[in-house]
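Asks: My structure is below; once you've seen it, I'll send some questions.
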Amino acid sequence: MDASCLCWFLLVSPCDSTSSKAAMKLSELVRCPVKVQRCAGRFVQTELIVQIDQRDVVTGDIVIFEPGDLFPGDVRLLSSKHLVVSQSSLTGESMTTEKTADIREDQSTPLLDLRNICFMGTNVVSGSGTGLVVSTGSKTYMSTMFSAIGKKKPPDDFENGVRRISYVLIAVMLVVVTIIVLTDYFTSRSLSGSVLFGISVASALTPQMLPLIVNTSLAKGAVSMARDRCIVKSITAIRDMGSMDVLCIDKTGTLTMNRAIMVNHLDSQGLPKEKVLRFAFLNSYFKTDQKYPLDDAILAYVYTNGYRFQPSKWSKIDEIPFDFIRRRVSVILETESYAEDRNHQFLKRFMVTKGALEEVMKVCSFIEHVDSGEISTLSSEDYQRILCIAEEVSNEGLRTIGVAIKRLKLQNSNGSMANDEDFESDMVFLGLVTFFDPPKDSAKQALWLLAEKGVKAKVLTGDSLSLAIRVCKEVGIKTTHVTTGPELELLSQDTFHETVKRATVLARLTPTQKLRVVQSLQTVGKHVVGFLGDGVNDSLALDAANVGISVDSGVSVAKDFADIILLEKDLNVLVAGVEQGRLTFGNTMKYLKMSVIANVGSVISLLIATLVLQYEPLTAKQLLTQNFLYSVGQIAIPWDKMEEDYVKTPQRWSRKGLPLFILWNGPVCTICDVATLVFLCFYYQATTLEDNKFFHSAWFIEGLLMQTLIIHLIRTEKIPFIQEVASWPVICSTVVISAIGIAILYTPIGEVMGFVYLPLSYFGFLVVLFVGYFSVGQVVKRLYIFVYKRWL
């Protein structure tokens, strides 16, 4: 570091520290005042309304809240007036919730559905009220819900498997190296040389490139997914995606487009009528307060279907804007009309209202029979019939709004009388309009591709069951087994796990229920679970899942706990991620199995040769050079390809898989090494200490070529070089490392290392040896696959 950089560092560091302290002090000055009703007075208690900071609110306080206020704790309502609360911070759903103090809830009612309880972190949208604080701080529902979040995940099967095999290699190392060191010492009487040779043997037994291969494979996968507009926060999640066999999906915005499309316009009999659509269109066209997605859907439906309602012949007089108490919007319109003789022109004035069906029907006293044009009094039978139609539509997963009109007298509607709420009364009910949040075009194809690759999809949503079933049918998810959060709460532990195992659609779930479902799939079902969600209510499940997936438009807390963030809500990116994860897992297992087999076989062969020859088969520097060249040659493995059948099924670490693989395939390497030992001893008579340079050279070349070529036998179930050929980086690596190893013998470096030239007859023997090795190895491979039904 030069002097200028040092001075800059010394000057800036104190400033950064000072600014941080200043920011902390400023944050302490920020207060969120809450109106609280408290008693004061030493002798005579007087009730006072005071403002205190929300951090000073305690259990037992009576708080007073108005629109915009945040609840400082969990509150039991004492009084309420048109109170509407947003619980999106807990449920993730944008819809508001009506709360009232004058209600007695049933014990089976889900916690977040309680209408007389308001939770910390939620806010008042409209209305007012008072409430008793029943819990604050760490005892609130939100705090207990997130108390277990953010803890370090336990090691997965792959990490545990690598740890176990490491312990086995250490045990083998201690036994074999001890025998080799003692044998070499009793023959050479050189303790330092024997110890050095033992250390080199221990080094040869260690798969040194494992961290590099694993991290390179994962990093390569992360770069590949980044090209698909997918940010990988935790690269180990790519490997877990290769093992994932269950994907839990939150419906909103993931399977659907998260926008409304108009479906139909029905009269009071449930039949499509154009008049209902006309007045719904006029309301949406002329309203100016705020355009909602439903208005855009109505306008789009009219324009795309060729209706000509001629809004230019209408003029707007006034408007009663939408609010969360009335949940409807009204506009007063005027149009010109002609008498029957077409000679006299006069004006007609209407109030057109649309909004929540129940709220629209509250202000209706009459109903129009669109077929006959007759207007009659809205009877209780009419009321029930309309509600039944709305329920049937809702069961199909559609959303409904009501439409009503009122003919106004010109002299009674001058000025701005629309500001009077009583003006919306004695209206004529026309019908209802239905909407649907359509599934994405890519969702069905992506889910089909995931199912082809062995990944089952389960929908975990806070929406209604009927809506979830409608969407799932559209995208091809089976709905034969469905359940809801309230139903799960009533089940015993065993029944709960069985229901979660069978169900494909789970609706009306709270955040903690989503967490329980994920944990049940992991612990009881033994599944590797991915969870895709974007709301605060998904954070618990995102943190618990093996692979947490969120989207860039999700809330901050969801993205914080996600392992992977999708820049676009497209499930096809996950299909590519699953394939990349299995490719990463497969290449990692190639190296791990190949290196363990080659290293263990090589070390056992060294032990046998040391006992037979009574001297070192290779010197320490020769063994380390051989190991170095072999390790460098394996760097190309992350760029290898996998067979198509391999990426079609989830890949998981098998606890018994690697030990059995070693027991079956390890002896093949040792047999080839022993064959080389026998050939050198009997054909070339290289058994004396004077011939050790020739033996060292021959053993060096055979061991290096064996360890370099073994990747081609291990990497595929098929016959190498005939039915399946490795990727060009692996082929190039094999050729280059083999050429370097052979060339060393004929260079000055070879002389320094104690090598000598080898005759061509020995290379002819190696060709025969490796043909035999691949033949025997292929037979063992087929037997292994026949017995265990898998290879890598």
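Asks: With a ≥ b ≥ c the root eigenvalues of the C-alpha gyration tensor of the chain, is it rounded (a/c under 1.5), prolate (a/b larger than b/c) or oblate? Each step should come with its number before you reach the end.
Replies: Details: a/c = 3.20, a/b = 2.31, b/c = 1.38.
Judged from the Cα gyration tensor, the chain comes out prolate (a/c at least 1.5, a/b above b/c).
Asks: Assigning unit charges at the beta carbon (Lys, Arg +1; Asp, Glu -1) and nothing else, what dipole magnitude in debye, to the nearest 20, does the range 422-492 show about its Cα centre?
Replies: On the way: 8 positive and 10 negative charges, 165 e Å.
Charge dipole, the range 422-492, about its Cα centre: 800 debye, nearest 20.
Asks: Going toward the positive end of the dipole of the range 639-746, with +1 on Lys and Arg Cβ and -1 on Asp and Glu Cβ, which of Ile701, Leu713, Ile740 do you reach last?
Replies: With unit charges placed on the Cβ atoms, the residue in question is Leu713.
Asks: I would also like to ask the following. Helix-only estimate, please: 222 nm mean residue ellipticity of the chain, summing -39500 (n - 2.57) across DSSP H runs of length 4 or more and dividing by its residues, to the nearest 500.
Replies: Numbers: 25 runs with 376 residues, N = 792.
Calculated mean residue ellipticity at 222 nm is -15500 deg cm²/dmol.
Asks: About the Cα centre, and with charges only on the beta carbon of Lys, Arg (+1) and Asp, Glu (-1), how big is the dipole of the range 479-575? Nearest 20 debye, please. Don't jump to the answer; show the numbers that get you there.
Replies: Details: 8 positive and 12 negative charges, 57 e Å.
The dipole of the range 479-575 has a size of about 280 debye.
Asks: Let me ask something else about it. If packing is taken as the average count of other Cβ atoms within 10 Å, what order do 301-311, 228-238 fall into, highest mean first? Could the numbers behind the result be given before it?
Replies: Numbers: 301-311: 12.6, 228-238: 19.2.
Top of the packing list down: 228-238, 301-311.
Asks: Here's another thing I want to ask about it. Per residue, how much accessible area does the chain have with a 1.4 Å probe, in Å²? All intermediate terms of the calculation are to be shown ahead of the outcome.
Replies: Values: 37600 Å² over 792 residues.
It amounts to 47 Å² per residue over the chain.
Asks: Continuing with this model, one more query. Could you please put Tyr757, Tyr185 in sequence from largest to smallest accessible area, using a 1.4 Å probe? List each step's numbers first, then the result.
Replies: Details: Tyr757 145, Tyr185 75 Å².
Reading off the accessible areas and sorting them downward yields Tyr757, Tyr185.
Asks: Convert each backbone phi in the range 79-85 into a coupling constant with the Karplus relation 6.51 cos²θ - 1.76 cosθ + 1.60 (shift: θ = phi - 60°), then list the ³J(HN,Hα) values in order as whole Hz, x for Gly and Pro.
Replies: So the Karplus estimates, Gly and Pro as x, are 8, 7, 9, 6, 7, 10, 10 Hz.
Asks: Can you give me the span-like helices of the chain, meaning DSSP H runs with 30 Å or more of Cα extent along the axis and Kyte-Doolittle mean at or above 1.6? Can you show the working numbers first?
Replies: On the way: long enough: 3-29 (40 Å, 0.67); 157-188 (45 Å, 1.20); 572-613 (61 Å, 1.05); 657-682 (38 Å, 1.73); 692-714 (32 Å, 0.94); 760-788 (41 Å, 1.49).
Within the chain the helices that satisfy the rule are 657-682.
Asks: Out of Val678, Val133, Ile103, whose Cα points farthest toward the positive end of the dipole of the chain (charges: +1 Lys, Arg; -1 Asp, Glu; placed on Cβ)?
Replies: My answer, from the dipole projection, is Val678.
Asks: I've got another one for you. In percent, what relative contact order does the chain have, based on Cα pairs under 8 Å that are 6 or more apart in sequence?
Replies: Numbers: 1340 pairs, mean separation 105.5, N = 792.
Value for the chain: 13 percent.
Asks: Check Asp318: other-chain or 5+ apart residues with amide H under 5 Å from its amide H, H built from backbone geometry?
Replies: Placed amide hydrogens put Ile332 under 5 Å from Asp318.
Asks: Express in whole angstrom the spacing between the alpha-carbon centres of the range 650-702 and the range 117-181.
Replies: Cα centroid to Cα centroid, the span is 46 Å.
Asks: For a protection proxy built on the mean count of beta-carbon atoms within 10 angstrom, sort 352-362, 109-119 highest first, please. Walk me through the numbers on the way to the answer.
Replies: Numbers: 352-362: 20.9, 109-119: 18.4.
Per-residue Cβ counts within 10 Å, averaged per peptide and sorted highest first, yield 352-362, 109-119.
Asks: Mind grabbing the accessible area of Arg326 for me, 1.4 Å probe, Å², rounded to tens?
Replies: 10
Asks: Quick check: from the Cα gyration tensor, does the range 604-670 come out rounded (a/c under 1.5), prolate or oblate?
Replies: On the way: a/c = 3.83, a/b = 1.74, b/c = 2.20.
Since a/c reaches 1.5 but b/c is at least a/b, the shape of the range 604-670 is classed as oblate.
Asks: Which order do the peptides 631-639, 81-89 come out in when sorted by mean C-beta neighbours inside 10 angstrom, highest first? Write down the numbers at each step before the final one.
Replies: On the way: 631-639: 20.6, 81-89: 19.0.
Result, highest mean first: 631-639, 81-89.
Asks: Can you sort Leu583, Leu277 by solvent-accessible area, 1.4 Å probe, largest first? Before the final figure, lay out each step's value.
Replies: Values: Leu583 35, Leu277 0 Å².
These residues rank, largest area first, as Leu583, Leu277.
Asks: Of Ala503, Phe770, Gly586, which is farthest towards the positive pole of the chain's charge dipole, taken about the Cα centre with +1 and -1 on the beta-carbons of Lys, Arg and Asp, Glu respectively?
Replies: Value: Phe770.
Asks: Order Thr288, Thr484, Thr747, Thr178 by their accessible area, 1.4 angstrom probe, all chains in place, largest first. Working shown, then result.
Replies: Working: Thr288 105, Thr484 10, Thr747 45, Thr178 75 Å².
Result of the area sort, largest leading: Thr288, Thr178, Thr747, Thr484.
Asks: Run the dipole for the chain about the Cα centre, Lys and Arg Cβ at +1, Asp and Glu Cβ at -1, nothing else charged, and hand back the magnitude in debye, nearest 20. Please list the in-between numbers first.
Replies: On the way: 79 positive and 81 negative charges, 305 e Å.
Here the size comes out at about 1460 debye.
Asks: Let me ask something additional. Roughly how many percent of the accessible protein surface of the chain is carbon and sulfur, given a 1.4 Å probe and a whole-percent answer?
Replies: Values: 22150 of 37600 Å².
C and S atoms contribute 59 percent here.
The values are calculated or read from the model by the stated rules, or taken from the named source; none is laboratory data. All of these numbers come straight from a predicted model, not from anything done at the bench. Please note: Cβ atoms are built from the backbone with ideal geometry, for glycine as well, and neighbour counts cover all protein chains shown. For the accessible areas, the whole protein counts, side chains as well, though only heavy atoms, and no ligand, DNA or RNA atoms are used. Shrake-Rupley method; radii C 1.70, N 1.55, O 1.52, S 1.80 Å.
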